[in-house]
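Read-outs throughout are calculated quantities, based only on the coordinates presented, and are distinct from any laboratory measurement. Treat the numbers as computed from the prediction; the structure is a model and nothing was measured. Note that each Cβ is placed from the backbone with ideal geometry, even for glycine, and that neighbours are counted across all protein chains shown.
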Amino acid sequence: MRVILFQTLYWMTSIFFGVTAIPLLFWPSRHPVMGWLRLYTKTILFWMRWIMGIKLVVEGKHHVPETGCIIASKHQSWGDGFSLFAQFPDLAFVTGEHITKIPGVGHILKKMDVIVVAQCGGPASRAALINSEMERARKEDRRIFIYPEGRLTEVGYYAPYKKGVFHMYEAYRCPVIPVSTNMGLCWPMDDWKRMKPGTVTLQFHKPIVPGLDKDSFMQALEDTIEDGALSLLPEDFPLPDDREIKTKWVA
């Protein structure tokens, strides 16, 4: 019954904020839309806390600089994005070019100045697009949010980290803040039926400074995020023998 109530409020809230965001699309600045988005995410977190009994604890937020940086987060739950976007007033994020072509959604995303990465055209064209998008973000000194695994994973598992996060790190020439979470203990993946009460943690780690080579950066990022995520699990949590997910993610 509690899950049904939360799901109902989730969709009612999402529709309300989506419709009422339309007039803000005509505002010259993106900031009203970003403020509306942050209020939306905080409202969803409120329903999570008081309807589902999921309490969010944030640790290490002082590691995130006020200036431009990349926030690279573990992704175990549909709730991860809400918990992250609620923390910052103007957070850019990375999305595929195809998402911006969805009517309505695409208009809002474009107004938010998301970082768009093409899904076709080859490595050279994707790299050029990343460079141009990161240059635009650098001029505005924005924080950028990305899931380096590029997909949801079950608690205790990980997917191979994609090299795109390194190309962003190299192009932006800024610190990367690894983020761990155990949100999947209370809201696994995108599965509403498995939601349950509990306390979850969003853990920001010390920055990875600019200047590392690809292998050193990728190893440092993966080790920090994954070690942090494992440390947030109960001592008796049953981990699989092989934690790596080798199957392709289908949304």
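Can you run phi through the Karplus equation (6.51, -1.76, 1.60; θ = phi - 60°) for the stretch 190-202 and list ³J(HN,Hα) in whole Hz, with x for Gly and Pro?
Going residue by residue, I get 10, 9, 5, 5, 8, 5, 8, x, x, 9, 10, 10, 10 Hz, with x marking Gly and Pro.
DSSP loop GluC sites (Glu not before Pro) in the stretch 162-249 with at most 14 other Cβ atoms within 10 Å of their Cβ, which ones? The partial results should precede the final answer.
Working: sites: 170, 222, 226, 235, 244; in loops: 235.
Answer by residue number: 235.
Here is the link list: 61/111; 55/193; 110/139; 163/246; 163/193. Which ones come out longer than 24 Å on Cα distance? Numbers along the way, then the final one.
On the way: 61/111 27 Å; 55/193 18 Å; 110/139 17 Å; 163/246 16 Å; 163/193 33 Å.
From 61/111; 55/193; 110/139; 163/246; 163/193, over 24 Å: 61/111; 163/193.
Scanning the chain for helices, which whole DSSP H stretches are 18 Å or more long along the axis (Cα) and average 1.0 or more by Kyte-Doolittle?
Details: long enough: 2-20 (27 Å, 1.15); 31-50 (28 Å, 0.16); 122-140 (28 Å, -0.93); 214-231 (25 Å, -0.40).
Answer set is 2-20.
Mind checking the stretch 145-251 for chymotrypsin sites (Phe, Trp or Tyr not before Pro) that DSSP puts in a loop (not H, G, I, E or B) and that have at most 13 other Cβ atoms within 10 Å?
Taking the stretch 145-251 and a limit of 13 other Cβ atoms within 10 Å, the loop chymotrypsin sites (Phe, Trp or Tyr not before Pro) found are 249.
Run lengths n ≥ 4 of DSSP H only: what is the helix-derived mean residue ellipticity at 222 nm for the chain, with -39500 (n - 2.57) per run over all residues, to the nearest 500?
-12500 deg cm²/dmol
Compute the relative contact order of the chain as a whole-number percentage, counting only Cα pairs closer than 8 Å that sit 6 or more residues apart in sequence.
Averaging sequence separation for qualifying contacts and normalising by length gives 25 percent for the chain.
If the only charges are +1 at each Lys and Arg Cβ and -1 at each Asp and Glu Cβ, what is the size of the charge dipole of the chain around the Cα centre, to the nearest 20 debye?
Here the chain has a charge dipole of around 940 debye.
Given the options 219, 87, 203, which has the most mean-square fluctuation in a GNM of the chain, springs set between C-alpha atoms less than 10 angstrom apart?
Highest fluctuation of the listed residues: 219.
Under a straight-distance cross-link criterion of Cα-Cα below 12 Å, which aspartates and glutamates are reachable from residue 206, leaving out those fewer than 8 residues away in the same chain?
The qualifying aspartates and glutamates are 59.
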